[in-house]
1. Got a number for carbon plus sulfur as a percent of the chain's accessible area, 1.4 Å probe?
2. Can you tell me the length gained on complete extension of the stretch VAL319 to ASN59, counting 0.36 nm per residue apart and subtracting the Cα distance?
3. Pop a pseudo-label 7 angstrom from the Cα along the beta-carbon direction at both LEU44 and TYR398 and give the gap in nm to one decimal.
4. By per-residue mean of other Cβ atoms within 10 Å, what is the highest-first order of 321-327, 80-86?
5. At 10 °C and 1.306 mPa s, grab the translational diffusion coefficient of region 337-466 from Stokes-Einstein with a Kirkwood Rh over Cα pairs, rounded to a whole number in µm² per second.
6. Multiply the residue separation of LEU427 and THR414 by 0.36 nm, subtract the distance between their alpha-carbon atoms, and state the gained length in nm to one decimal.
7. Report, in degrees rounded to the nearest 10, the 0 to 90 angle that the Cα long axis of helix 201-214 makes with the longest principal axis of the chain.
8. Over the chain, calculate the relative contact order: mean separation of alpha carbon pairs under 8 Å at least 6 apart, over the residue count, as a percent.
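The values are calculated or read from the model by the stated rules, or taken from the named source; none is laboratory data. Treat the numbers as computed from the prediction; the structure is a model and nothing was measured. Using ideal geometry, Cβ is built from the backbone for each residue, glycine included, and neighbour counts are taken over all protein chains shown. Calculation scope for accessible area: heavy atoms of the full protein, side chains included, ligands and nucleic acids excluded. Shrake-Rupley method; radii C 1.70, N 1.55, O 1.52, S 1.80 Å.
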Amino acid sequence: SLNMVAFTKILKKFDKVSCQKASANYLKEVKRSHFVSSDKVVRLMDEVESRFTKHFANNDRKKAMKFLRPQQHKDSHMVTFLVGLSTGCFVSLFSVYAILAHLCGIFSPGNEPAYMETVYPIFSVFALLSLHLFLYGCNLLMWKNTRINYNFIFEFSPSTALKHRDAFLMSTTLMTTVVGAMVIHLLLRAADFSPTQIDAIPGVLLLFFTALLICPLDIFYRPTRYCFIRVIRNIVCSPFYKVLLVDFFMADQLTSQIPLLRHLETAGCHIFARVFKTHHPEACHSGRIYLEITYIISFLPYYWRALQCVRRWFDDGDVNHLANMGKYVSAMVAAGARVTYNRQHDDLWFAIVLITSVVATMYQLYWDFIKDWGFLNPNSINPWLRDELILKNKSIYYMSIVLNIVLRVTWVETIMHFKIGRVQSRLLDFLLAALEVIRRGHWNFYRLENEHLNNVGHYRAVKTVPLPFRETDSD
């Protein structure tokens, strides 16, 4: 019957396109064919069901059918409602925060150092993380609408994979909680509570979300949380784990979140300074250990990604992986030069930063457009793109190329050293970090589109093809 349905739909499309009525004659031949009249497939299905019931379900047919029969997963309207509710709460709380911040004068010259050095870093971490989650939800929505099989490419289980509404819910819930904590912080600050006590609120919030991430209870998307932890483990332990596409994909996300990791460094330093009284808070900005950790954090995401390239070269023997490793090595050199120049403002280091950053940027743009996106093919039927495209409007691809170039060169601001206040400098740094996250979300769509169409990363060779069945492990 499934074959008949398939042939019927195909023939109807043929009649519609060719403006003919030939389907009736074809269907007569199809109905007389052996694959329609034979019950061999049905008998094989019955045999599979009986064997599965006997060996995997303890002769419980009801339990066996629960796993063998496809489950239709319907999108929950409750998730959409919660997204809207949390978005409304976020807008309201943010408006309250803006008013309170103005009334309390927290950005005045007398108050800005304490607030911007102890509270701002942790809240910036959550803001950047929430923005990344929101953009991932946009990616999921676009991949779904353009029929890019991201679950198959990432080897996600269809029954537990995150959907775009879930990503939006996580993003809005995270930001609503964070802005609510910011409002409480300002209210307690205005009520003349001890700064030592109220400045612990961001640290408590960080501990809460860390505990939620590793929570073993089956709440708040446990399969997704544990998958995230497993992927981070694979990245940190590179090159000892075989590199899957989801591992490389997440490692690339981390290279765009270096500002987030540096904010975590600053926040952790202040928390340890206040709780354990091991050092003065000033050491969190100018100390030797802080500077060394800053270098390490600026290198680590690129280092992990380079080790993944080495592992893939070791597994596949393809020298392209070594060339890809060179891209991340050049990015490490450029990042180290910029960190050094921020502390040594002389012409020599300016020249070094300019040269290393330009080389790394050109390397990255080449790899973005030619290797990751498959563009700039002069022989393509789509000028300077690739032969196969999913989006119908070609101008979107050209605008995306220009946008990626613009967002790739935002590092120029970091070496200009404009004479602005501490608050303006912090806000400008956050803006540049947010632009890099936006660039990564924009890059994600075209990278997976190219993988879907051409399997450019050779990641699609999997042992099993995901099916719309429930998995016994999930129960």
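1. Details: 17880 of 27150 Å².
Reported share for carbon and sulfur atoms: 66 percent.
2. Numbers: separation 260, 0.36 × 260 = 93.60 nm, distance 5.29 nm.
Contour length minus the Cα-Cα distance gives 88.3 nm.
3. Output for this residue pair reads 5.1 nm.
4. Values: 321-327: 17.3, 80-86: 15.6.
With the highest mean Cβ count within 10 Å placed first, the list reads 321-327, 80-86.
5. Details: Rh = 17.2 Å.
This corresponds to a translational diffusion coefficient of 92 µm²/s.
6. Numbers: separation 13, 0.36 × 13 = 4.68 nm, distance 1.29 nm.
Going from the current span to full extension adds 3.4 nm.
7. The helix 201-214 is inclined about 30 degrees to the chain.
8. Details: 424 pairs, mean separation 89.7, N = 475.
Answer for the chain is 19 percent.
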